[in-house]
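Comments concern the structure below.
The values are calculated or read from the model by the stated rules, or taken from the named source; none is laboratory data. Note that this is a predicted model, so its numbers are computed, not measured. In this analysis, Cβ positions are derived from the backbone assuming ideal geometry, glycine residues included, and neighbour counts consider all displayed protein chains.
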Amino acid sequence: MKKILVVILLTIAIMAVLWYSFLFYVDYSEGYRSGELIKFSSKGYVVKTWEGEISQGISGAQIFPFSVMKSEEEVIQKLQEYQGRYVKLKYEEKFGTFFFWGDTKYFITEVTLEKSPHFNR
């Protein structure tokens, strides 16, 4: 009986590690989005995550929400600096996420400042 319990627990642990590895290392898609950085903040009660939004239209009708992992310190610093400006974001879309990663499936890996096509800034 103990042997069966150990095998079941070990199988569950291996499956959990495989699922976590799959979510962390396998990307569903990756690409670039550009827009005005309208929000970037650290939020959460117990676990703080970095969340943001860019507006992709002049009217703000198209909002792209995104998350940034805590390990991306350079990206976090740039996003804080570029608040309210036009940026180009490189993202990776994951199959899923965990509560301690962020609220969205879109994770930013690079950010660059761009010239706005709408305004001369």
Filter pass, Phe22 being of a type in the set (A, V, I, L, M, F, W, C) and in contact (Cβ under 8 Å) with a residue 60 or more places away in the chain: yes
In the set Tyr106, Tyr82, Tyr32, the lone residue that is touching an Asp or Glu at 6+ places or on another chain (Cβ under 7 Å), touching a residue at least 24 places away in the same chain (Cβ under 8 Å) and of a type in the set (Phe, Trp, Tyr) is Tyr106
Restricted to the range 93-116 and to residues being outside any loop (DSSP other than H, G, I, E, B) and among the polar types (S, T, N, Q), the residue farthest from Phe66 (Cα to Cα) is Thr112
Within the range 96-121, residues more than 22 Å from Val46 (Cα to Cα), out of contact with any helix residue (DSSP H, G or I) (no Cβ under 6 Å at 6 or more places or on another chain) and not basic (Lys, Arg) come out as Thr109, Glu110, Thr112, Leu113, Glu114, Ser116, Pro117, His118, Phe119, Asn120
| request: Consider Gln56 carefully, then state whether it is out of contact with any Lys or Arg (no Cβ under 9 Å at 6 or more places or on another chain) and surrounded by 11 or more Cβ atoms within 10 Å (Cβ to Cβ). | output: no
Those residues of the range 74-93 which are surrounded by fewer than 19 Cβ atoms within 10 Å (Cβ to Cβ) and within 13 Å of the chain's Cα centre (by Cα) amount to Lys90, Glu92, Glu93
Checked the range 1-34 for anything modelled with pLDDT of 85 or more, within 30 Å of Tyr86 (Cβ to Cβ) and of a type in the set (D, E, K, R); matches are Glu30, Arg33
Restricting the range 55-81 to residues that are farther than 13 Å from Tyr106 by Cα, among the polar types (S, T, N, Q) and not in a loop (DSSP other than H, G, I, E, B), the one modelled with the lowest pLDDT turns out to be Ser55
With respect to Thr11, determine if the residue is under 12 Å from the mean Cα position of the chain (by Cα) and of a type in the set (S, T, N, Q).
no
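Okay, residues lined up against (1) assigned to a loop (DSSP other than H, G, I, E, B); (2) more than 24 Å from Pro117 (Cα to Cα); (3) out of contact with any Pro (no Cβ under 7 Å at 6 or more places or on another chain):
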position	(1), (2), (3)
Ile4	no, yes, yes
Val17	no, yes, yes
Leu23	no, yes, yes
Glu30	no, no, yes
Arg33	no, no, yes
Val47	yes, yes, yes
Glu53	no, no, no
Tyr91	no, no, yes
